[in-house]
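Inspection log for the structure reproduced underneath, given as structure tokens.
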Amino acid sequence: MPDSTLSQALKEAYASAPSDLVIYHTLELRHPSFTSPIRVVRDYADLVATLEVSTLHYWQFSNSLEGFTLLNYTSTLLPTSVELTATTTGPQFVSPIFPDMNGADWKYVQARIRRVSGSAGWEGSLYYDNTTHGWDAGYYHVTAHPNPGAMGEWTVVQWDMSNQSVGAGDWLASQHIRKLRLDFVQASGDVWEVDWVRVSSTPLDPVTFVRFAFDFTKPEVSAAGVPQLTIELDNVDRSIVANIEAALASTEMVQATYREYVSTDLTCPANDPPIHMTIMSITADVFRVKAVAGFPDLMNRRFPSTEYNSEVFPGLLA
């Protein structure tokens, strides 16, 4: 049975959402026989959005600086972000000291920001502290801003440290990076709002979800039964059916991922982590393709999962 309390809470959440906020429902299907994942969005236009990323540090500034310190900035704490006002030239936004980080594993620093007021200037420099050097003009990276003069326009900027501007290779060779310094601008009086900052192993590479007509039923939150996601696709694109038919000839299962995006932020799914499921059954006719996805049967999974035999473990015959 569905959880009525949770259902009512979801209804109230949707009812209180801003009227200009659009929620995009997307579906991704993956299988070894597919040349590439099938990605569709339930909308009348294609959607370009970024998939979820793997993060080591993720600062979201919800009524807090989360350990960041300021030089030549004043801050205004907001419910989901922080507003920074440069009090003089050369303002710096400095992260807290964190456990040593291997630069080769975590090559991307990303921030979601927007200009609130001030000049159209942009510096975009990232400095870092490790066991070899502190803030050093010989080791930093500069990234571009696509439109630094735009007021009120959210943008995600990325510092790809595998292409370091000055001191190339130092970040990748550093096994003990401990602190970051973000120099967004140089001018006094500039005001910027920071939504989040994160350190990731995944670059910001947007993908395209193709517009497509499909229906779905989300898994129920219930104490009984196995949650299932029911998907129905219009059978108008023969390439999807052809891919599914190829998958049916394989012993490998089709994997499905359901993601939601909101129109105000396409840099990551709103439901993070997304719902990852396995297609359990597929039926198709000339009009519709219907699939039922579920979670792996963890309760009945064999333990230990490794099969100990003489081919893999010859010592068993000794």
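The values are calculated or read from the model by the stated rules, or taken from the named source; none is laboratory data. Predicted, not measured: the structure shown is a model, and the values here were computed from it. Reconstructed Cβ throughout: ideal geometry from the backbone, glycine too, with neighbour counts over all protein chains shown.
Figures for the structure shown
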quantity: Residue within the stretch 8-22 that is in contact with a helix residue (DSSP H, G or I) (Cβ under 9 Å, 6 or more places away or on another chain), at pLDDT 70 or above and not in a helix (DSSP H, G or I) present; calculated: no
quantity: Contacts under 6 angstrom Cβ, first residue in the stretch 274-294 being farther than 14 Å from residue 248 by Cα, partner modelled with pLDDT of 85 or more and not in a strand (DSSP E or B), 6 or more apart; calculated: none
quantity: Residues that are touching a Leu at 6+ places or on another chain (Cβ under 8 Å), touching a residue at least 40 places away in the same chain (Cβ under 8 Å) and surrounded by fewer than 17 Cβ atoms within 10 Å (Cβ to Cβ), drawn from the stretch 15-74; calculated: 48
quantity: Residue 134 being assigned by TED's automatic domain parsing to the domain that holds residue 81, in a loop (DSSP other than H, G, I, E, B) and within 21 Å of residue 68 (Cα to Cα); calculated: yes
quantity: Verdict on residue 126 being without any contact (Cβ under 8 Å) to a residue 60 or more places away in the chain, under 23 Å from the mean Cα position of the chain (by Cα) and in a strand (DSSP E or B); calculated: yes
quantity: Among the residues listed as 174, 188, 162, the single one being touching a helix residue (DSSP H, G or I) at 6+ places or on another chain (Cβ under 9 Å) and either modelled with pLDDT under 95 or more than 19 Å from residue 97 (Cα to Cα) (or both); calculated: 162
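Listed here are the residues, each with its yes/no results for (1) acidic (Asp, Glu); (2) surrounded by 15 or more Cβ atoms within 10 Å (Cβ to Cβ); (3) out of contact with any helix residue (DSSP H, G or I) (no Cβ under 6 Å at 6 or more places or on another chain).
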site: 79; (1), (2), (3): no, no, yes
site: 90; (1), (2), (3): no, no, yes
site: 100; (1), (2), (3): yes, no, yes
site: 106; (1), (2), (3): no, yes, yes
site: 114; (1), (2), (3): no, yes, yes
site: 124; (1), (2), (3): no, yes, yes
site: 132; (1), (2), (3): no, no, yes
